[in-house]
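Colleague: Sharing a structure, written as structure tokens. Questions coming.
The values are calculated or read from the model by the stated rules, or taken from the named source; none is laboratory data. Values in this document were obtained by computation on a predicted structure and should not be read as measured data. Note: ideal-geometry Cβ built from the backbone for every residue, glycine included; neighbour counts use all protein chains shown.
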Amino acid sequence: MVNVFIPKESRAGETRVAATPETVKKMVKAGLAVGVGAGAGAGAWIADDAFAAAGATIAADPAAARAAADVVLQVGPGTPEEARQLKAGAVLIGLLAPHQNPEVVRALAAGRVSAFAMELVPRISRAQVMDALSSQASIAGYKAVLIAAVRLGKYFPLLMTAAGTIPPARVVIMGAGVAGLQAVATARRLGAVVEVSDIREVVKEQVESLGGKFIPLPEREGGGEGEGGYAREMSEEFLRQQRAIVAERVAQADVVICTALVPGKKAPLLLSREMVEAMRPGSVIVDLAVSQGGNCELSQADEEVLHRGVLILGPSNLPAQTMATDASQLYARNVWALLESLIRDGEVVVDLDDEVVAGALLTHAGEIRHAPTRALVEGEQSS
């Protein structure tokens with residue numbers, strides 16, 4: 001029987017968990033033996049008793065449970081020490097952030113672990129149910145707008161009163177991926193006027209369908225869409241021209257939500273110090289890209305920065321920080337969908353001919369299979 005273990009996350013502030021009683025029941029029904037670390041669901045308000053009632057065993061010794069497991073399901077990348085605890089041939093599934101955790105990747109490869117990075121799941125139709133980046137980004141975009149609305153010292157909607165009319169808040173959203181589009185929808189529901197900047201012309205229709213206005217782009221080389229529909233890394237000249245176009249809108253904005261990311265790369269700098277200083281005092285910036293360096297020059301991870309009257313917020317993990325229950329529920333379903341696709345006749349099979357498996361596989365049989373991560377790790381070793 002395949003032994004599955006879900007640990008309590010070791011990263012400070014990570015309140016999510018990689019399984020819920022709902023997904024544990026599905027694993028047990030599929031013939032898997034499930035162990036859950038004591039207190040693993042506490043941050044998401046899931047008690048150990050709820051996991052036990054679903055058929056899981058509560059593991060008091062997480063290191064021993066991890067070492068004995070055939071499959072480990074987790075949220076974050078964990079530590080190199082935790083990676084070294086896994087037995088050879090074990091399967092690990094999680095948001096492994098390989099470009100930020102080369103030491104963990106090296107440990108996984110050295111231990112001959114088959115590690116699946118949820119952020120590498122291909123963006124194809126049958127893998128949509130496994131798309132953890134989208135499920136978590138949607139939460140971040142939603143919460144970013146609510147946080148901005150709470151911190152902004154004015155109404156979001158147009159308000160007509162006996163004392164006069166209050167104009168609607170003006171919101172500029174940088175990036176129209178999943179987080180950005182959810183931010184558009186949320187800001188529009190709250191009654192704000194919304195403008196969106198993105199390097200991909202193809203998202204214009206989606207922005208406008210949600211009631212936002214797409215900010216025109218400069219002339220560019222080859223379009224802004226990269227592999228899998230993500231934004232690709234653009235030249236500094238293009239970004240300079242884009243910032244000039246966006247600067248006028250930002251100066252008039254009450255709120256700016258930054259969501260622009262390039263997978264595996266430092267976040268593009270879209271909001272300079274000068275652009276912030278041109279904003280009105282009392283304005284609010286929420287930088288969701290801060291964990292990858294930030295879209296705003298002045299943002300700091302998990303800090304509030306007040307610069308010339310402009311409040312800059314840099315939450316690094318809004319799903320965990322503000323909505324752990326639903327974030328865990330969605331993430332657990334994403335993880336189970338991937339694990340279920342690996343199960344054949346009661347065994348876990350890593351089929352390298354499967355497009356989803358091959359795309360999400362980070363390490364396997366002692367090798368780093370994801371080429372960009374391999375190049376990064378080998379570059380660090382040679383330097």
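Colleague: It is to be established whether one or more residues within the range 2-17 are among the hydrophobic types (A, V, I, L, M, F, W, C) and more than 17 Å from residue 333 (Cα to Cα). First the steps, then the outcome.
Modeller: We begin by selecting, within the range 2-17, every residue among the hydrophobic types (A, V, I, L, M, F, W, C); these are 2, 4-6, 12, 17.
Then keep just the ones that are more than 17 Å from residue 333 (Cα to Cα); that gives 2, 12.
Yes.
Colleague: Quick check, is residue 156 over 26 Å from the mean Cα position of the chain (by Cα) and surrounded by 14 or more Cβ atoms within 10 Å (Cβ to Cβ)?
Modeller: Values: over 26 Å from the mean Cα position of the chain (by Cα): yes; surrounded by 14 or more Cβ atoms within 10 Å (Cβ to Cβ): yes.
Considered against the rule, which asks whether it is over 26 Å from the mean Cα position of the chain (by Cα) and surrounded by 14 or more Cβ atoms within 10 Å (Cβ to Cβ), residue 156 comes out as yes.
Colleague: As an exercise: evaluate residue 350 against (1) surrounded by 18 or more Cβ atoms within 10 Å (Cβ to Cβ); (2) more than 23 Å from residue 22 (Cβ to Cβ) and give the number of the one condition it does not meet.
Modeller: So the condition that residue 350 fails would be (1).
Colleague: Return a yes/no flag: does the range 299-307 have any residue that is of a type outside the set (Lys, Arg) and buried (at least 24 other Cβ atoms within 10 Å of the Cβ). Write out each step before concluding.
Modeller: Pass one, the range 299-307, residues of a type outside the set (Lys, Arg): 299-307.
Narrowing further to those that are buried (at least 24 other Cβ atoms within 10 Å of the Cβ): 299.
Yes.
Colleague: Among the candidates 357, 290, single out the residue that is assigned by TED's automatic domain parsing to the domain that holds residue 174, on the phi < 0 side of the Ramachandran plot and buried (at least 18 other Cβ atoms within 10 Å of the Cβ). Full working, then the answer.
Modeller: Numbers: 357 fails: assigned by TED's automatic domain parsing to the domain that holds residue 174.
It is 290.
Colleague: Given the structure, is residue 334 within 22 Å of residue 94 (Cα to Cα), touching a Gly at 6+ places or on another chain (Cβ under 8 Å) and touching a residue at least 40 places away in the same chain (Cβ under 8 Å)? Don't jump to the end; show me each part of the working.
Modeller: Numbers: within 22 Å of residue 94 (Cα to Cα): yes; touching a Gly at 6+ places or on another chain (Cβ under 8 Å): no; touching a residue at least 40 places away in the same chain (Cβ under 8 Å): yes.
Criteria not met by residue 334.
Colleague: Additional query: May I ask you to list the residues in the range 317-328 that are surrounded by fewer than 18 Cβ atoms within 10 Å (Cβ to Cβ) and under 10 Å from residue 20 (Cβ atoms)?
Modeller: Selection gives 325 alone.
Colleague: Is it the case, given these coordinates, that residue 171 is touching a residue at least 12 places away in the same chain (Cβ under 8 Å) and assigned by TED's automatic domain parsing to the domain that holds residue 350? Explain how you work it out, then say what you get.
Modeller: Values: touching a residue at least 12 places away in the same chain (Cβ under 8 Å): yes; assigned by TED's automatic domain parsing to the domain that holds residue 350: no.
No: the conditions fail for residue 171.
Colleague: Is it true that residue 69 is among the small types (Gly, Ala, Ser) and either crowded, with 24+ Cβ neighbours inside 10 Å or at pLDDT below 95 (or both)? Can you show your working first?
Modeller: Numbers: among the small types (Gly, Ala, Ser): yes; either crowded, with 24+ Cβ neighbours inside 10 Å or at pLDDT below 95 (or both): yes.
The answer is yes for residue 69.
Colleague: Shifting gears a bit: Name the single residue that is surrounded by the fewest Cβ atoms within 10 Å (Cβ to Cβ) among those in the range 239-253 being under 25 Å from the mean Cα position of the chain (by Cα) and not hydrophobic (A, V, I, L, M, F, W, C).
Modeller: 243
Colleague: Does residue 319 count as at pLDDT 95 or above and under 25 Å from residue 267 (Cβ atoms)?
Modeller: Numbers: at pLDDT 95 or above: yes; under 25 Å from residue 267 (Cβ atoms): yes.
Judged against the criteria, residue 319 is a match.
Colleague: Looking for whichever is surrounded by fewer than 23 Cβ atoms within 10 Å (Cβ to Cβ), over 23 Å from residue 330 (Cα atoms) and not charged (D, E, K, R) here; the options are 147, 173, 166. Which one fits?
Modeller: Values: 147 fails: over 23 Å from residue 330 (Cα atoms); 173 fails: surrounded by fewer than 23 Cβ atoms within 10 Å (Cβ to Cβ).
Just one listed residue meets the conditions, 166.
Colleague: Scanning the range 252-268 for residues that are out of contact with any Leu (no Cβ under 7 Å at 6 or more places or on another chain) and either modelled with pLDDT under 95 or in the same structural domain as residue 371 (by TED's automatic domain parsing) (or both), which turns out nearest to residue 315 (Cα to Cα)?
Modeller: Step by step, filter the range 252-268, then rank; the result is 261.
Colleague: Is it true that some residue in the range 78-100 is assigned by TED's automatic domain parsing to the domain that holds residue 378, touching a residue at least 12 places away in the same chain (Cβ under 8 Å), closer than 17 Å to residue 340 by Cα and among the acidic types (Asp, Glu)?
Modeller: no
Colleague: Here's something else I'd like to know. Given (1) at pLDDT below 95; (2) touching a Lys or Arg at 6+ places or on another chain (Cβ under 6 Å), identify the lone condition not met by residue 100.
Modeller: Only one criterion is unmet by residue 100, namely (2).
Colleague: For the range 246-264, which residues satisfy the criterion of being free of Cβ contacts under 8 Å to residues at least 60 places away in the same chain and within 30 Å of residue 98 (Cβ to Cβ)? Quick ask: steps written out before the conclusion?
Modeller: Keep residues of the range 246-264 that are free of Cβ contacts under 8 Å to residues at least 60 places away in the same chain, which gives 247-248, 251, 262.
Scanning the range 246-264 gives a single hit, 262.
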